1. Only one of these is within 26 Å of Asp44 (Cα to Cα), touching a Leu at 6+ places or on another chain (Cβ under 7 Å) and in a loop (DSSP other than H, G, I, E, B): Tyr125, Tyr70. Name it.
2. Check Gly172 against each of (1) within 14 Å of Ala212 (Cα to Cα); (2) more than 12 Å from the ligand (Cβ to nearest atom) and name the one condition it does not meet.
3. Specify which of the listed residues (Val176, Val191, Val198) is farther than 17 Å from Leu100 by Cα and in contact (Cβ under 8 Å) with a residue 24 or more places away in the chain.
4. Scan segment 202-218 and tell me whether some residue there is in contact with a strand residue (DSSP E or B) (Cβ under 7 Å, 6 or more places away or on another chain), at positive phi and at pLDDT 95 or above.
5. Out of the residues in segment 100-129 that are among the aliphatic types (A, V, I, L, M) and more than 9 Å from the ligand (Cβ to nearest atom), which is surrounded by the fewest Cβ atoms within 10 Å (Cβ to Cβ)?
6. Yes or no: segment 206-224 includes at least one residue that is more than 19 Å from Gln3 (Cβ to Cβ), surrounded by fewer than 16 Cβ atoms within 10 Å (Cβ to Cβ) and either under 15 Å from the mean Cα position of the chain (by Cα) or not polar (S, T, N, Q) (or both).
7. Can you name every residue in segment 229-288 that is touching a helix residue (DSSP H, G or I) at 6+ places or on another chain (Cβ under 6 Å) and of a type in the set (Phe, Trp, Tyr)?
8. Filter segment 145-163 down to residues that are over 18 Å from the mean Cα position of the chain (by Cα) and not aliphatic (A, V, I, L, M), then give me how many there are.
Amino acid sequence: MSQTVTSRLAPTPSGYLHLGNAFNFLLTALLVDWQAGHLHLRIDDLDGPRVERSAVEDIFVQLEWLGIDYNSGPSGPDELFKQYSQHTRKERYHETLEILRKSGHLFACECSRSEIRQLSKSGSYPGTCRDKDLDLMDENLSWRVHVPDQTYVNFKTITDTCEKINVAQAMGDFIVKRKDGIPAYQLASVVDDLELGVNLVVRGQDLWASTAAQLFLAQCLNDQNFPATRFVHHRLITDNSGAKLSKSAGALSLKVLREKHHTPVWIYQETAKILQLPFEEIRTLDNLKEVFRSAMLQKNGLQTMLVQGK
Ligand SMILES: [Zn+2]
């Protein structure tokens with residue numbers, strides 16, 4: 001029970017960070033601070049072609065600007081590429097894929113995205129290749145994990161609520177290795193989390209299905225610790241039209257906000273507002289941490305602060 005809380009910031013360097021990322025980072029840092037835990041910076045850079053050097057640099061610049069400190073992880077782009085990049089960990093991912101393959105959890109799939117879209121309005125995989133028995137060793141096939149109907153995962157939230165997700169409904173038979181041979185996000189993320197000993201994950205509610213996928217993979221790998229991970233699924237920051245912010249957030253990218261002379265104080269206050277905390281007096285990250293800690297002592301305030309699930 002008294003295990004150290006370990007969490008991570010896990011940005012993908014596919015564009016400039018935006019206000020939504022800042023909120024996620026701050027909330028993660030606040031929760032880790034409140035639990036006197038350990039915070040790791042993990043940059044999800046496996047998706048080669050989408051990764052841009054300028055976006056990698058942006059992560060370090062904006063974390064420093066926001067004053068967010070972390071206990072482990074790369075201190076800058078060079079250290080990232082040298083020793084922390086997911087590209088340096090490919091062997092680990094492939095070993096894990098082998099474990100899944102040998103335990104019979106995987107099948108090969110030849111479907112293209114457009115074929116799947118034609119068959120399935122929701123875009124979820126209709127199970128086309130599940131019984132085709134394609135050879136997993138053939139080239140240009142993706143690997144999917146078989147998720148039996150009525151598969152559920154359970155997890156606890158930071159407020160001790162129990163949640164349950166129907167994995168088949170949320171994810172279907174999802175991809176763990178892409179056609180180009182690159183391990184998929186779900187696989188890499190869970191392998192990294194298991195190795196780091198992550199036991200607190202703070203993410204937007206759009207990643208609810210990913211939580212299901214990752215808990216299911218941990219289960220397939222017979223991992224004993226990850227099921228005890230606590231999850232926070234927070235609401236997303238939207239733009240003026242109510243749309244979710246993307247990496248091309250333009251006006252709400254941190255880079256542009258800085259150019260328009262917004263300060264970290266403004267972001268701390270915005271974060272406090274979203275969390276329904278008193279914000280007027282906040283001038284520093286330490287102020288925000290204090291306000292957060294005292295709110296967390298009043299347990300009944302938690303549910304409204306941290307929206308769970310959907
Ligand atoms: Zn298929």
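The values are calculated or read from the model by the stated rules, or taken from the named source; none is laboratory data. In this text, all values refer to a predicted model and were calculated from it rather than measured experimentally. Quick reminder, even Gly has a Cβ in these numbers, built from the backbone with ideal geometry, and neighbours come from all protein chains shown. The protein model used for the area step is the full one, side chains on, heavy atoms only, and it has no ligands, DNA or RNA in it. Shrake-Rupley method; radii C 1.70, N 1.55, O 1.52, S 1.80 Å.
1. Tyr70
2. (2) is the only condition that Gly172 fails.
3. The match here is Val198.
4. Checked against the condition, which is being in contact with a strand residue (DSSP E or B) (Cβ under 7 Å, 6 or more places away or on another chain), at positive phi and at pLDDT 95 or above, segment 202-218 yields no hits at all.
5. Filtering segment 100-129 for residues among the aliphatic types (A, V, I, L, M) gives 100, 106, 108, 116, 119.
With more than 9 Å from the ligand (Cβ to nearest atom) added as a condition, the list becomes 100, 106, 119.
Values: Leu100: 19, Leu106: 21, Leu119: 14.
For segment 100-129, the residue satisfying everything is Leu119.
6. yes
7. Passing the criteria: Phe231, Tyr268, Phe279.
8. Of the residues in that region, 10 qualify.
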